[in-house]
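*Asks:* Please read through the structure below; I'll follow up with questions.
The values are calculated or read from the model by the stated rules, or taken from the named source; none is laboratory data. The shown structure was predicted, so the numbers you read here are calculated from the model rather than taken from an experiment. As a convention, Cβ positions derive from the backbone with ideal geometry for all residues, glycine included, and neighbour counts pool all protein chains shown. The area values use the complete protein model at the heavy-atom level, side chains included, leaving out ligands, DNA and RNA. Shrake-Rupley method; radii C 1.70, N 1.55, O 1.52, S 1.80 Å.
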Amino acid sequence: MEFALLSRWQPQLLAILRIVTGLLFVEHATSKFLAFPVPFPVHPLPTMLIAAGAIELVAGLLVTLGLFTRLAAFIASGEMAAAYFIGHFPKGFWPVANMGEGAILFCFIFLYLAGAGAGAWSIDGARERSRT
């Protein structure tokens, strides 16, 4: 059975998911680099966290804008998989115990966006529409 009321809004709902996820990802970068909205607890940042912050900033902005969404989301998904297995999994098997739920959610949302594309309200979508 299809929930027809919301299914007609699928492109817009995908865009909202993309925009919110991208902005939340950028927030992780600004925490690392600008101490905004809260300072990151580790300073000075090790090289791996600088690289992670750079990926979070660039991929987050690209996903938010809907520009090169599939590639940016795929890279972000990989970063979050690595973050989970490097930073969370060693603290315990269960995500609720190792505080890795966020990394897992980011990983799979970005993986979905890599497959589904940007949806409505995106630069990618505008470029695709202009080709036809």
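*Asks:* Suppose every K and R has +1 on its Cβ and every D and E has -1 on its Cβ; what is the size of the dipole of segment 57-132 about the Cα centre, in Debye to the nearest 20?
*Replies:* Numbers: 5 positive and 4 negative charges, 39 e Å.
Its charge dipole is roughly 180 debye.
*Asks:* When the accessible area of the chain is computed with all protein chains present and a 1.4 Å probe, what percentage of it is carbon and sulfur? The partial results should precede the final answer.
*Replies:* Numbers: 6330 of 8280 Å².
Its accessible area is 77 percent carbon and sulfur atoms.
*Asks:* How about segment 25-132: which trypsin sites (Lys or Arg not before Pro) there lie in a loop by DSSP and see at most 16 other Cβ atoms within 10 Å?
*Replies:* none
*Asks:* Further question: Provide S31, S130 ordered by accessible surface of protein heavy atoms (probe 1.4 Å), highest first.
*Replies:* Sorted by accessible area, descending: S130, S31.
*Asks:* Need one number: convex hull volume per residue for segment 28-121, Cα atoms only, in Å³.
*Replies:* Cα convex hull per residue, to the nearest whole number: 104 Å³.
*Asks:* When the Cα centres of segment 87-104 and segment 46-70 are compared, how far apart do they sit, in Å?
*Replies:* Their Cα centres are 22 Å away from one another.
*Asks:* Sticking with this structure for a sec: Using each residue's phi in segment 37-46, evaluate 6.51 cos²θ - 1.76 cosθ + 1.60 at θ = phi - 60° and report the 3J(HN,Hα) Karplus result to the nearest Hz, with x for Gly and Pro.
*Replies:* x, 9, x, 5, x, 10, 8, x, 6, x
*Asks:* Can you list which of the chymotrypsin sites (Phe, Trp or Tyr not before Pro) found in segment 1-38 are DSSP loop residues with at most 10 other C-beta atoms within 10 Å?
*Replies:* For chymotrypsin sites (Phe, Trp or Tyr not before Pro) across segment 1-38 that sit outside H, G, I, E and B with at most 10 neighbouring Cβ atoms in 10 Å, the list reads F3.
*Asks:* Here's something else I'd like to know. About its Cα centre, what dipole magnitude does the chain give when the only charges are +1 on Lys and Arg Cβ and -1 on Asp and Glu Cβ, stated in debye to the nearest 20?
*Replies:* 240
*Asks:* Next up: With unit charges on the beta carbon (Lys/Arg positive, Asp/Glu negative), name the residue among I86, G117, G60 whose Cα is farthest towards the positive pole of the charge dipole of segment 54-132.
*Replies:* My answer, from the dipole projection, is G117.
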